[in-house]
Each structure stands twice: as C-alpha cells, then as structure tokens.
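**Student:** Okay, handing you the structure first.
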Amino acid sequence: MKKILLTGSQGFIGSYICNELLNKGYKVIGVDNYQKYGKISRPHDNHPNFKLYIENVLSDEFLKIVEKEQPYQIIAGAAMIGGISYFHKFAYDLLATNERILAQTFDAAIKGHKKGYLERIIVLSSSMVFEETNIYPTPETEIKKCPPPSSTYGFQKLSSEYFAKGAWEQYGLPYSIIRPFNCVGIGEEESISEHEITSGNVKLMLSHVLPDLINKVLKGQDPLHILGEGDQIRCYTNGKDLARGIRMVIESKEAINEDFNISTPISTSVLELAQIIWNIINPNKEFKVTYDKPFEYDVQKRIPDISKAKEILGFEAEISLEESINEVINYIINKK
C-alpha cells in the first residue's frame with residue numbers, strides 16, 4: 001500500500017484529496033494544526049488507512065514525522081489561504097508564512113529523496129498565478145509569458161512553482177505542479193482569523209463567492225448584493241473533480257516535472273451564478289441585484305486551457321455547476 005503525506009489534510013481541498021486517495025487504496029498521512037478553522041471533524045478522520053499528526057509544518061517535529069513515515073510522495077497543501085479579503089488583511093503574512101511553510105516542506109522532501117524513499121513532491125499552486133494574463137483560455141505555457149501576479153498571494157503561489165523547479169535543478173527532486181481553478185463544494189468553514197465585512201445586511205462568509213451568494217439568498221436578501229459588476233468570470237470546479245485530477249497526477253509518470261491546470265472548462269459569470277442560485281432557492285420570485293464596490297484583487301477573468309490535463313492524464317471534470325450549487329445549498333441549510 002503506497003503512503004502519501006499531505007500537509008493541510010484537514011482543510012477544504014485537503015479533505016477532498018484525503019477522501020479520494022483513501023477510497024483508491026492509498027495510506028494517507030495527514031499533517032495539520034487546525035489553524036484555519038479550529039478543530040473540526042472530517043469524513044476521512046476515522047478511516048483505517050488515515051493517520052493524522054496535529055502539528056505545525058514549521059516545527060522541527062514535522063521533519064521527524066516525514067522521516068518516520070517515509071512517504072512515497074508529499075503533497076504540499078498547507079498554506080495560509082482564504083477568500084479575497086485575505087489578500088488585503090494578510091498581504092505580508094501570506095507571503096512570509098507560506099514561503100516558510102514551503103521551504104520546510106521542500107527540505108523534508110529533498111532529504112527523503114536523497115534517502116531513497118520519496119519519489120516526488122506535488123505542489124498545489126493556484127489559478128492566481130495567471131492574475132495578469134490576457135490570454136483565454138490560459139494554457140500552462142502562459143506562465144513563462146504573462147506578467148507576475150500583482151497580489152502577494154498570487155506571487156507567492158508563483159514562488160511555489162519556482163521552489164519546485166529549483167529543487168529539481170539543484171537536488172534532482174522530481175515534482176508535479178497542479179493549479180486548481182475555483183474549487184467549490186462542501187466542508188468549507190469560516191476561518192477563525194477572518195474579519196467581519198458586510199454585503200448589504202448580511203455578513204460575508206469570506207470564503208468564496210458561491211457560499212457567500214447562497215448564504216445571502218437563504219437569508220432573504222433582496223435585492224441581492226454582488227461585489228463588482230457581476231461580470232467576473234470563473235470556472236467553478238467541484239472538489240471531487242479536483243481531487244480526482246490530483247490523484248491522476250500522482251499516479252502518472254508522464255506528469256513528473258510537468259504542470260497542469262485542473263478545472264472544468266465551463267466559464268460562468270458571477271451574475272449568471274447568482275441567478276442560478278436565486279432561481280433554485282426562490283423559483284417564484286423576481287431576481288433583483290445591486291452592486292457593491294469590489295475588492296482590489298478581484299480578478300475579472302479566469303478561464304483555463306485544460307487540454308494538457310485531458311491529453312496526458314485523461315482528466316475531464318464531470319460534476320456540473322448545478323450539482324455543485326445544490327450540494328452547497330443543502331450543506332449550508334443542514335448546518336443551521
């Protein structure tokens with residue numbers, strides 16, 4: 001049974017990755033300190049092939065954990081990450097803390113590769129590395145051509161890709177880079193370090209646009225408040241699809257030293273998303289919106305070229321946006 005170590009295993013995307021790998025017969029070693037959400041339970045917690053270390057990746061203990069468990073691959077998922085408000089409130093910490101986390105993770109991976117037990121490191125980057133592109137759909141090759149991101153979060157994610165390239169050039173550590181695009185699904189909680197911002201009369205959940213809009217419609221906001229003009233375009237990809245794509249990268253020898261956009265190719269504007277949500281929750285009520293001032297780093301368009309993942313991995317997203325919306329609506333209702 002192959003063993004994979006995942007930092008940030010108890011996070012939103014981390015939980016999806018754990019479930020996917022465990023369901024496919026892997027042993028998963030999770031490392032997480034519950035810093036983002038506080039101590040929460042996840043569906044994978046009691047799986048017989050899952051082992052959790054409640055530990056900060058920045059601690060010396062983390063290096064001992066990697067040495068003790070000797071995983072076949074490490075997925076570098078731990079990071080300070082949040083909704084768009086994070087880019088402003090933690091502009092310095094996002095850069096400084098995430099760089100330290102990456103350096104520690106790569107140090108452990110380099111050591112493991114030298115000792116012969118670690119095959120590869122999997123880096124979870126972000127669509128935000130393409131923050132300044134004007135090429136759509138955006139292929140992986142655009143990373144070498146477009147200007148660097150303007151947000152510290154996007155720049156730090158770009159840095160994570162250079163960590164991978166540097167570790168390969170100097171130490172021969174194989175890598176794969178994965179860029180998820182706009183993960184949606186269940187299990188995303190409110191960060192304990194978020195600050196309160198209101199949109200109309202409703203407090204923003206400050207995670208992603210989908211749960212924010214659902215929350216506002218469920219609370220009866222009318223007209224519905226939208227940040228910006230509503231013409232921001234995203235490709236909303238279900239966490240199950242993302243996790244499956246990540247597993248396919250892990251299992252592919254052709255993915256070694258390659259980068260992949262993992263996403264649905266279907267683009268949707270925020271206004272279109274809002275109307276779909278509204279019509280599901282309020283089918284007999286007129287859809288009315290009002291527009292709030294957007295955040296500074298609210299990128300107008302993110303549309304990936306997913307042909308490389310399809311050709312090399314055979315990956316295609318399967319879960320529709322409507323399925324994802326209904327899933328999140330039911331999740332939020334049942335939490336109340």
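The values are calculated or read from the model by the stated rules, or taken from the named source; none is laboratory data. Since the model is a prediction, treat every value here as computed from it, not as a measurement. All accessible areas refer to the heavy atoms of the entire protein, side chains included, with ligands and DNA or RNA removed. Shrake-Rupley method; radii C 1.70, N 1.55, O 1.52, S 1.80 Å.
**Student:** When the accessible area of the chain is computed with all protein chains present and a 1.4 Å probe, what percentage of it is carbon and sulfur? Could the numbers behind the result be given before it?
**Tutor:** Details: 7230 of 14520 Å².
After summing per-atom areas, the C and S share lands at 50 percent.
**Student:** Tell me, what is the percent relative contact order of segment 58-136, built from C-alpha pairs under 8 Å that lie six or more residues apart?
**Tutor:** Details: 56 pairs, mean separation 35.8, N = 79.
Averaging sequence separation for qualifying contacts and normalising by length gives 45 percent for segment 58-136.
**Student:** Relative to the longest principal axis of the chain, what angle (0 to 90°, nearest 10) does the C-alpha long axis of helix 152-171 take?
**Tutor:** For helix 152-171, the angle is close to 20 degrees.
**Student:** Amide H neighbours of residue 138 under 5 Å, at least 5 residues apart or on other chains, H built in the peptide plane: list them.
**Tutor:** For residue 138, whose amide H was placed from the backbone, the distant partners under 5 Å are 303, 305.
**Student:** Among the listed pairs 27/114; 39/335; 68/114, give every one whose C-alpha distance is greater than 19 Å.
**Tutor:** Pairs exceeding 19 Å: 27/114.
**Student:** Using θ = phi - 60° and the Karplus relation 6.51 cos²θ - 1.76 cosθ + 1.60, list the HN-Hα couplings for segment 9-18 in order, rounded to whole Hz, with x at every Gly or Pro.
**Tutor:** In residue order, the calculated couplings are 5, 9, x, 4, 6, x, 5, 5, 5, 4 Hz.
**Student:** With a 1.4 Å probe and all protein chains kept in place, how much accessible area does residue 18 have, in Å² rounded to the nearest 10?
**Tutor:** 0
**Student:** A further question on this structure: Please list, in order along segment 278-286, the HN-Hα scalar couplings obtained from phi with the Karplus expression 6.51 cos²θ - 1.76 cosθ + 1.60 (θ = phi - 60°), rounded to whole Hz, x for Gly and Pro.
**Tutor:** 4, 5, 6, 7, 10, x, 10, 10, 5
**Student:** Here is a follow-up. Could you do me a favour and compute the accessible area per residue for the chain, 1.4 Å probe, result in Å²?
**Tutor:** So the chain comes to 43 Å² accessible per residue, rounded to a whole number.
**Student:** Ordered by residue, what ³J(HN,Hα) values in Hz, to whole numbers, does segment 94-99 give under the Karplus form 6.51 cos²θ - 1.76 cosθ + 1.60, where θ = phi - 60° and Gly and Pro are x?
**Tutor:** 3J(HN,Hα) across segment 94-99, in whole Hz: 4, 6, 5, 5, 5, 5.
**Student:** Considering all alpha-carbon pairs of the chain, what whole percent are spaced by more than 31 angstrom? Please report the intermediate quantities before stating the final value.
**Tutor:** Numbers: 16473 of 56280 pairs.
Of all Cα-Cα pairs in the chain, 29 percent lie more than 31 Å apart.
**Student:** Could you put 20, 322 in order of accessible surface area, largest first, with the 1.4 Å probe and the full protein assembly present? Mind dumping the intermediate values first?
**Tutor:** On the way: 20 35, 322 90 Å².
Largest accessible area first, the residues go 322, 20.
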